[in-house]
Amino acid sequence: MNNLLSAYFQRLLKSRLYWCLLGLMILSGIIIPILAHREMITYGTDYTLESRLVWHFLIIGFIVAVFCSWFLGTDYSDGTIRNKIIAGNSRLKIYISALLICVIASVILVVAHQITIIGLGTWLIAPFKTDIHTISLIIGITILATITFAGINTMIVMINQNKASSSIICLVVSLLMFGISFYVLSVLFSSDMAHSDSIVKQIYEFLNIFLPTGQLLNLINLQVTQATEMIIYNILILVISTGTGIMVFEQKNLK
Amino acid sequence: MEYVLKTKDLKKTYGNYNALNGLSMNVPKGSIYGLIGRNGVGKTTLIRLICGLQKATEGDFWLYGINNHSKEIVRSRKRIGAVVETPSIYLDMSAEDNLKQQYRILGIPSYSTIPDLLKLVGLENTGKKKARNFSLGMRQRLGIAIALSGSPDFLILDELINGLDPQGIIEIRELILKLNHEHDITVLISSHILDELSRIATHFGFIDNGQMIQEISALELNKKCRKCVKLTVSNMEVLCNVLTEKGYDYSVISDKEIDVFAKLDITSLVVELAKKECNVLNIQEQDESLENYYINLIGGNRNE
């Protein structure tokens, strides 16, 4: 598997799209605190570093979807996945190495943005007002959600042999998850649900925390009261998506 | 005889469609094995099974003696190189970068042999040009280079020459012959361009409806397709005596028919036979090509 990972890393380093995405994440990490700083000086707006940090939670799912579908989809569109199998690698190794490269590359994108915004924001806006434990938990869950997104997208791409349709499905799934999470959150905040104790409310509450998109929307409000559940659900989704992906990929007729 | 690949009653089903229907074949070591058949008869399916891209529904195959149901089959594939349908190359990479990728996948620590490999396939001057901008022939040759990266001793080429221009076909042909003769690589090549296969293959496998119709060596095929003059005469004994006197190679088909494998002086032969009261009833020149042989074989099979 080391050979496969080594080959993937070599390709990643030569990938223009990846460098563009990384540049975008770092650039946004620079621009956000600078703009906040300007507004604070010009209009006296009161910004916190926390409120600027959470902005990227909304786009993580899409960034990961774009990267995974393009990077892994190329192996199908160019037919190079065949080289990996003919070279004597088992399908399990191929799947796991594909998952690992997507996870590592996606986490680097997110962490690069976070490091930039925290570093620059501490100087230009203000240091964190929230305690370091909560911030660490928020960042940790964000990274875990990123890994979950990578797991879901890897599954979609590896069981679908068409790069174009994989890209569309990955984006639609991300969009759908966000749509559901927004809807669930809006229902939970509605007056009808405020004092309800019904099973419907419990289902909504479960969905609110179960989906990584819902978790990120909760983290935007700096809510980490259900951190344990969030971690468990992320791991559960990752295990289920990877298990399903491996099972289907093992039996798949490749062309 | 030592075989690189053997298959027995291999079956592959897609839903209700049988792509392979109990195919058995034997690829001798050191041969260039031409797999011949129409589109959709199962050539590519067979190659996909051997390469591990798909799993057989039923039946067995042995790659270097290792059965497809054994876990070791994955490792045994390290000894093969393959170009299946289209070359598997990253279009946004140069030829050299594509080879570097394959070297990494194979765990080859040094890139020192890449220039030699590029030279072998005639791509040494492509520099940083992306594979996207290569001609089809160049892409095919890069595909072969990638297949050769792990120094395989069995090369599988599927429909490699289809779509190539005459120059490209000649280049690929020379490369295959070079690999077989100089590097002792066994080659399995599938195609429906029969003329091209007839120039390079040492063994042929004719496949139809997912089954092997016939396996034959080029030597046997040449004998069957040998250019000859078919004579029908009234007295076979006289004809045989005359032909033996003249030192001609011949083969008696029946008591009236004979195949003569020589360039005959028809007039003098007829005159001589006439003197000995042997009438020539019919003369027919026969020159069966691989194409005719294939058509007769497959056609005959269908009529059964």
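Collect the residues in region A:6-45 that are within 14 Å of another protein chain (Cβ to nearest Cβ), open to solvent by 30 Å² or more (accessible area, probe 1.4 Å) and in a helix (DSSP H, G or I), keeping them in residue-number order.
Residues satisfying the conditions are A:S6, A:F9, A:L13, A:R16, A:L17, A:W19, A:C20.
Give region B:14-38 a look and list any residue that's open to solvent by less than 10 Å² (accessible area, probe 1.4 Å) and within 14 Å of another protein chain (Cβ to nearest Cβ), or say none.
Of everything in region B:14-38, those that are open to solvent by less than 10 Å² (accessible area, probe 1.4 Å) and within 14 Å of another protein chain (Cβ to nearest Cβ) turn out to be B:A19, B:L20.
State all residues of region B:26-35 that are closer than 14 Å to B:I200 by Cβ and in contact with a Lys or Arg (Cβ under 8 Å, 6 or more places away or on another chain); if no residue qualifies, say none.
B:L35
Residue by residue through region A:166-195, note down the ones that are of a type in the set (S, T, Y) and either surrounded by 13 or more Cβ atoms within 10 Å (Cβ to Cβ) or part of a helix (DSSP H, G or I) (or both).
Listed by number, the residues that qualify are A:S166, A:S167, A:S174, A:S181, A:Y183, A:S186, A:S191.
Give me the residue from region B:57-102 that is more than 20 Å from A:I94 (Cβ to Cβ) and of a type in the set (F, W, Y) and, out of that set, nearest to the other protein chains (Cβ to nearest Cβ).
Of everything passing the filter in region B:57-102, B:Y64 is nearest to the other protein chains (Cβ to nearest Cβ).
Being open to solvent by 50 Å² or more (accessible area, probe 1.4 Å) and either more than 14 Å from the chain's Cα centre (by Cα) or of a type in the set (G, A, S) (or both) narrows it down to one of A:S136, A:S198, so name that one.
Matching residue, one of A:S136, A:S198: A:S136.
For residues in region A:63-100 being of a type in the set (F, W, Y) and more than 13 Å from chain B (Cβ to nearest Cβ), which is farthest from A:S241 (Cα to Cα)?
The residue in question is A:F67.
Examine region B:116-123 for a residue that is within 14 Å of another protein chain (Cβ to nearest Cβ), in contact (Cβ under 8 Å) with a residue 12 or more places away in the chain and on the phi > 0 side of the Ramachandran plot, and state whether such a residue exists.
No, there is no match, as no residue in region B:116-123 is within 14 Å of another protein chain (Cβ to nearest Cβ), in contact (Cβ under 8 Å) with a residue 12 or more places away in the chain and on the phi > 0 side of the Ramachandran plot.
Take the residues of region B:39-48 that are of a type in the set (A, V, I, L, M) and touching a Ser or Thr at 6+ places or on another chain (Cβ under 8 Å): which is farthest from the other protein chains (Cβ to nearest Cβ)?
B:L46
Could you list, in sequence order, the residues of region A:196-226 that are part of a loop (DSSP other than H, G, I, E, B) and free of Cβ contacts under 8 Å to residues at least 60 places away in the same chain?
Scanning region A:196-226 gives A:S196, A:D197, A:S198, A:L211, A:N221, A:Q223, A:T225, A:Q226.
Would you list the helices (runs of 4 or more DSSP H) that sit entirely within region B:150-259 and hold 2 or more residues that are under 18 Å from B:L35 (Cα atoms)?
Filter on region B:150-259 gives B:166-182, B:194-200, B:218-224.
Within the group A:L109, A:L58, A:L124, which residue is in contact with a helix residue (DSSP H, G or I) (Cβ under 6 Å, 6 or more places away or on another chain) and at pLDDT below 90?
A:L124
Kindly indicate which of B:G247, B:G210 is on the phi > 0 side of the Ramachandran plot and outside the structural domain of B:R104 (by TED's automatic domain parsing).
Checking each option against the conditions leaves just B:G247.
Can you tell which of B:K78, B:K11, B:K6 is open to solvent by 30 Å² or more (accessible area, probe 1.4 Å), under 18 Å from A:L254 (Cα atoms) and in contact (Cβ under 8 Å) with a residue 24 or more places away in the chain?
Answer to the check: B:K11.
Quick check on region A:239-254: of everything there that is of a type in the set (S, T, N, Q) and within 14 Å of another protein chain (Cβ to nearest Cβ), which residue is surrounded by the most Cβ atoms within 10 Å (Cβ to Cβ)?
Among them, the one singled out is A:N253.
The values are calculated or read from the model by the stated rules, or taken from the named source; none is laboratory data. Everything quoted here is computed from the prediction, not taken from an experiment. Virtual Cβ from ideal backbone geometry, glycine too; neighbours counted across all protein chains shown. Protein only, heavy atoms only, side chains kept; ligands, DNA and RNA dropped before computing areas. Shrake-Rupley method; radii C 1.70, N 1.55, O 1.52, S 1.80 Å.
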